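Below is one structure, written out as structure tokens; the observations come after it.
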Amino acid sequence: MSSPILQLNDVQTHFPVESGFLFRHQTGTVKAVDGITLSVQRGEVLGLVGESGCGKSTLARTIMQLVPTTAGTVLLEGRNLTAASAAELLVARRDLQMIFQDPFASLNPRLTVYATLAEPLLVHRVVPPEQVRARVVALAEKVGLSSQVLEKYPHEFSGGQRQRIAIARALALEPKVIIADEPVSALDVSIQAQILNLLAQLCREMNLTLIFIAHDLSVVKHISDRIAVMYLGKIVELGPATDVIERPRHPYTQALVSAIPQLDPDLQRSKPRLVLAGDPPSPLQPPTGCAFHPRCPHVQAECRTTNPLLQVAGPQRNVACLRLNEI
């Protein structure tokens, strides 16, 4: 297998919690990302799933170095982004772009579509100034937008159209890796399908590497080659998308899969539903041992004291569970 295009080595992103008015002091630490090691191959679509608050978006921003790492390294084609200077990051981000969850918040309301798409081309001097307009028109058409909309502003578009603009902006520099942070969660179901199909098509045509973040496995399974399941800052299961959906091994993944709705009402009624007890623990005060043990239906005494590491659970499968062979 060729060397990965993106490599994360024991990445940690912690945020200090402070209190006090005149004399502030640290009272705790939020471990948003807590020791993730992960490789992403060139041209692969990796789905990253987990419920809200598990650290998915923080991990995305850490990879982009929008949030600094507390420990560990992020390597893009061998380049260490965690040790890069601002000038080196500027160059690296030509190859690493991000699509944010809310396109209305991520697009500048004062800029037209043309100005939004032209800005990265001008900043990075990708093409001569006289070729910028032709490049912007081509970008708009690639994501299904007419050249007639280029002089409009973001508020004049629907949510799906704004997300297409955000995708076009991410494609402007012809990056090698794109991180899509829940790009369809704020859209109607019919529009979600259009954006998912667009992303899948672009990945095939441009040989893009895509990290697709979502909290809904039913969305991720249609686009991903592999799926990584996150819980409280850690990856608890990793493997080929079909295997993870059809044969989940970790109890948390089993609960997520059981929550996928079925179109057939008879199948939905006959399908066993695994309902987890309690709420996710706080990353400010994570439980000892396995972070999932307060909600796990298979918990044993050792789960409360021993932190499980990702272990091989089959071909290309990794699961972090102490009772893997018993479930």
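The values are calculated or read from the model by the stated rules, or taken from the named source; none is laboratory data. Bear in mind that the values here come from a model prediction, so they are computed numbers and not experimental data. Note that we place each Cβ from the backbone using ideal geometry, even for glycine, and neighbour counts take in every protein chain shown.
Among the residues in region 177-193, are any of a type in the set (Ser, Thr, Tyr), closer than 23 Å to SER52 by Cβ and in a loop (DSSP other than H, G, I, E, B)? Checked region 177-193: at least one residue is of a type in the set (Ser, Thr, Tyr), closer than 23 Å to SER52 by Cβ and in a loop (DSSP other than H, G, I, E, B).
Of the listed requirements (1) touching a residue at least 24 places away in the same chain (Cβ under 8 Å); (2) among the β-branched types (Val, Ile, Thr); (3) within 29 Å of ASP225 (Cβ to Cβ), VAL149 misses just one: (3).
Go through region 304-321 residue by residue and tally those that are part of a loop (DSSP other than H, G, I, E, B) and at pLDDT below 90.
Adding up the residues that qualify gives 2.
I need a count of the residues in region 1-58 that are among the acidic types (Asp, Glu), within 16 Å of the chain's Cα centre (by Cα) and at pLDDT 90 or above.
2
On the stretch given as region 71-89, residues that are without any contact (Cβ under 8 Å) to a residue 12 or more places away in the chain and in a loop (DSSP other than H, G, I, E, B) total 1.
Only one entry of LEU322, LEU276 meets the criterion of being surrounded by 18 or more Cβ atoms within 10 Å (Cβ to Cβ), more than 26 Å from the chain's Cα centre (by Cα) and at negative phi, and that entry is LEU322.
Residues being aliphatic (A, V, I, L, M) and surrounded by 14 or more Cβ atoms within 10 Å (Cβ to Cβ) are entirely absent from region 279-288.
Inside region 90-173, counting only helices (runs of 4 or more DSSP H) that do not spill past its ends, which hold 3 or more residues that are buried (at least 16 other Cβ atoms within 10 Å of the Cβ)?
Numbers: elements: 103-106, 113-123, 132-142, 159-171.
Where helices (runs of 4 or more DSSP H) fall fully within region 90-173 and carry at least 3 residues being buried (at least 16 other Cβ atoms within 10 Å of the Cβ), they are 113-123, 132-142, 159-171.
ARG42 fails exactly one of the following numbered conditions: (1) farther than 29 Å from SER158 by Cα; (2) among the charged types (D, E, K, R); (3) assigned to a helix (DSSP H, G or I). What is the number of that condition? Of (1) farther than 29 Å from SER158 by Cα; (2) among the charged types (D, E, K, R); (3) assigned to a helix (DSSP H, G or I), only one is false for ARG42: (3). The one condition from (1) among the acidic types (Asp, Glu); (2) surrounded by 14 or more Cβ atoms within 10 Å (Cβ to Cβ); (3) within 23 Å of VAL319 (Cβ to Cβ) that ASP10 does not meet is (2).
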